[in-house]
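Please read the structure below before turning to the comments.
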Amino acid sequence: MPTRPTSAWRFLSNQRSFYFHSRYLMTPSPSDQTLLDQEQVRREKLARLRAAGIDPYPPRVQRTHTIAQVLHQYQAGTLDDDATVALTGRLIARRVMGKLSFGHIEDGTGRIQIMVRRDVLGPERYNQFFKKDLDLGDIIGVQGTMTVTKTGEITCLVHDITLLAKALKPLPDKWHGLSDPELRQRQRYLDLLANPQVRERFRVRARIVRALRDYLDSEGFLEVETPILQPIYGGAAAEPFITYHNYLHQRLYLRISFELYLKRLLVGGYDKVYEIGRDFRNEGISRKHNPEFTQLEFYEAYTDYVGVMNRTEEMVAYVVKEVTGGYTITWQGHEIDFTPPWPRIPLRQAILEASGIDYDQYPDAESLRQAMRARGIDAPSDASRGKLIDKLLSHFVEPTLIQPTFLIDYPLDISPLAKRKPGTKDVVERFEGFVAGMELCNAFTELNDPLDQLERFLEQGRALEAGDKEATPVDMDYINALSYGMPPAGGFGMGIDRFAMILADQDNIREVILFPHLRPETRDEPPTSPS
RNA sequence: GGGCCGGUAGCUCAGUUGGCAGAGCAGCGGACUUUUAAUCCGCGGGUCGCAGGUUCGAUUCCUGCCCGGCUCACCA
C-alpha cells in the first residue's frame, strides 16, 4: 500500500496500522476501529466459530497425502476409488452453485479442486460453515474421496471440512496477484502467497545452490565455514559493516569476503575447499547490489587461473543443465548459451575495442585520466590507474557481454591478492566471468609469495590511510600463514544472487532475495494528537 | 544527489480539458447440483499520498514535501 496517511483515523485504517501499533504503542491487537471492513467481518466469523465450539487454530492436523501425492497416486491408479483421503491447504477459490460448490485448495506441493455437496456435507455444515464462516485464504483440511468431474479434473469430493487456521485479512487480487513493488518486498509472504511464479523462482535458486554443492563435492572439494565476524576484513575492495563484541571489547567487521580464511586452509593442508555463505558490503543498493549477498568461493591447490577458467565453464554449465535442463536459457529476451568453451579476451583488448582507448599507452593514472576526459568520460581525480581501467570496463565493456565471456589479465593495483603475470610489471593472472551484462565471477592465480603479499598489503594500507574506503587493512596473521608455504593455487568467487537472476530471468537482484534490504519504515511517525 | 514516471476502494486498474468518484476481483444479502477468472440480481466500501496556493468550487491546475519505480552518478 503506497499511501502515506497522516491523519490518525486514516492511518489506523491503513494496512500498516498493525506495525504501528506493535512498534510504537506496544498494543498487539488493534482496536476494532482500526480494522478494514473485511477484517471486521472475518473477526465476527471467528467469534461465531468459537461460540460454536470450533477452535479456529487447532493444534493438530490430520493429513493422509500432500496434494501432489494424491494427484500422482490417483493418476497412477494406485489409490482405491473409495479410499478416504485427508488433504490440507489454503482455500484459494470458491464457486458456490446452490447445493453444489467447487473450490481449490493449495498446499506447498500443488493445488487441487474440491467439490462440496450439501447432501454429502449436511445442510447445516454446508450453509453455515462452508458458505458463511469460511473465507478465501483460510487454511483448511478436507476429508473425502477422489473423483473426476465432467470436465476431467481430478477432484476431491468432500465429506468433511476442518478449519486449521482462520485468515483475518483478505487475499490480494486472485487473478492479478500482488504487484505493488513495495508491498511485494516489505511483505514477501504476501508476494509468495499471491504470486506462484515468485514461489517457483526461489525453488530455482535453491536448485542452483544444491547443484553447485553437488558439483564441488563430487570433485573432491571440502565444504567449510569460516568467520563472519572478523577482526580484520579483507579479500575484496569494499567498505565493511562494523560491529563490536562487548565482552572482549573488540571491534569486529562483518566479512566482505571469505578469501583470506579459505587460503589459510590451503596452508593447513586441504587442497580443495569451498564455502557458500553471506558477504556484507556497506555500499549502495542497486539492481545488481544488495548489502548482504550470497557468495560461493572455492580454492584449489596446484592449479592456476587457466585451470579455474576451465572449471568455471564446467561447473556453471553443469548447474545450468541441472536447473534448466539444457545449456541455453532465455534472459530478458536474450538467448544465452553456456556451452563451453567461452571466449577468453584480454581486458586490454576488450576495452580497446569497446572504447578506442588502449590503456597500455597511458602508463600512469594521470595520462589515462586525461585520455578519458578527452572523450567525455567522467574520471575522478582520486582514482588510481587500475580504478580508471575498471571504470572503462564497467562503462564500455560489461553491458555488452551478454554471452558468457571471460576477460583476463587485470591491473595489479586493483588485485592485491593475485599473482603477477610472468613477464609483466603490473598485470596479474586474474579473470572475471561476465554473463547478461553483469560480472558473475572473479578469480585468479593466488599470490603465495609472503613478502610480495606484505608489500601489496602495505600499499593497500597506505591507500586506506589516504582515504580509499575500499582498500583493506594489513592482515599480519595471513602473512604469517603464507610464510609457512601456501601451495600454488587458483581461487574463485561467484555471486549466487546474480547467477540466480540469470537463471530465473530477472533483471533485479531484489527478485531473487527473499527479504532484500529496504529503507526502514520510520517515515511512518506516530501521528501527533490533533490540536 | 540529478533526470523521468508514478501514488485513486482490501487487490488490480480506469477516469475527471476544474463541477456529487468508476470498473473488475475481494466483501455482504439473495438465486443456482459439474464449476474452474463460474454466472445472474441487489448492497456496502474512498480525506483520489501529504501540506499550502489559485478558484465560487481542486482528486484534477500551481508550489513544496513524503513515498515508490526506472535511470544517471556513486558503488563490485
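The values are calculated or read from the model by the stated rules, or taken from the named source; none is laboratory data. Fair warning: this is a prediction, and the values are worked out from it, not measured in the lab. Ideal geometry is used to build each Cβ from the backbone, glycine not excepted, and the neighbour counts take in all protein chains shown. For the accessible areas, the whole protein counts, side chains as well, though only heavy atoms, and no ligand, DNA or RNA atoms are used. Shrake-Rupley method; radii C 1.70, N 1.55, O 1.52, S 1.80 Å.
Numbers for the structure displayed
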item: Per residue solvent-accessible surface (Å²) - segment A:194-280, probe of 1.4 Å; result: 48 Å²
item: Cα long-axis angle, helix A:196-218 against chain A (0 to 90 degrees, to the nearest 10); result: 50 degrees
item: Total charge dipole magnitude, segment A:396-531, about the Cα centre, Cβ charges on Lys, Arg, Asp, Glu only, Debye to nearest 20; result: 160 debye
item: Charge dipole magnitude, Cβ of K and R +1, D and E -1 - segment A:163-294, Cα centre, debye nearest 20; result: 520 debye
item: Solvent exposure, largest accessible area first (probe 1.4 Å, DNA, RNA and ligands not counted), of A:TYR318, A:TYR274; result: A:TYR318, A:TYR274
item: Extension gain (nm, one decimal) between A:GLU322 and A:ALA466, 0.36 nm per residue minus Cα-Cα; result: 47.1 nm
item: Fraction of antiparallel bridges per DSSP, chain A only, in percent to nearest 5; result: 90 percent
item: Farthest toward positive dipole pole in chain A [+1 Lys/Arg, -1 Asp/Glu at C-beta], among A:LEU254, A:LEU164, A:VAL320; result: A:LEU164
item: Nonlocal amide H pairs with A:LEU252, under 5 Å, H built at 1.01 Å; result: A:THR243, A:TYR244, A:HIS245
item: Span from the segment A:76-149 Cα centroid across to the segment A:245-261 one, whole angstrom; result: 54 Å
item: Karplus-derived 3J(HN,Hα), 6.51/-1.76/1.60, for each residue of segment A:476-489, Hz, glycine and proline x; result: 5, 5, 5, 4, 4, 4, 4, 5, 8, x, 10, x, x, 7
item: Accessible surface of chain A [probe 1.4 Å, protein heavy atoms]: carbon and sulfur percent; result: 52 percent
item: Accessible surface, per residue, of segment A:417-457 when the full set of protein chains is kept, probe 1.4 Å, Å²; result: 34 Å²
item: A:ASP507 long-range amide H proximity, modeled H, under 5 Å; result: none
item: Chain A - charge dipole about Cα centre, Lys and Arg +1 at Cβ, Asp and Glu -1, debye rounded to 20; result: 2580 debye
item: Members of A:LYS321/A:LYS391; A:LYS272/A:LYS421; A:LYS321/A:LYS387; A:LYS131/A:LYS169 lying beyond 26 Å, as alpha-carbon distances in this model show; result: A:LYS321/A:LYS391; A:LYS321/A:LYS387
item: Residue-by-residue Karplus 3J(HN,Hα) for segment A:108-118, coefficients 6.51, -1.76, 1.60, Hz, glycine and proline x; result: x, 10, x, 10, 9, 7, 10, 10, 10, 10, 4
item: Which of A:ARG264, A:ARG207 is most accessible, then next, and so on - probe 1.4 Å; result: A:ARG207, A:ARG264
item: Vicinal HN-Hα couplings computed from phi for segment A:47-62 (Karplus, 6.51 cos²θ - 1.76 cosθ + 1.60; Hz; Gly/Pro x); result: 4, 4, 4, 4, 4, 7, x, 9, 7, x, 9, x, x, 10, 10, 9
item: Cut-off under 5 Å, modelled amide H: who pairs with A:CYS441 long-range; result: A:GLY433
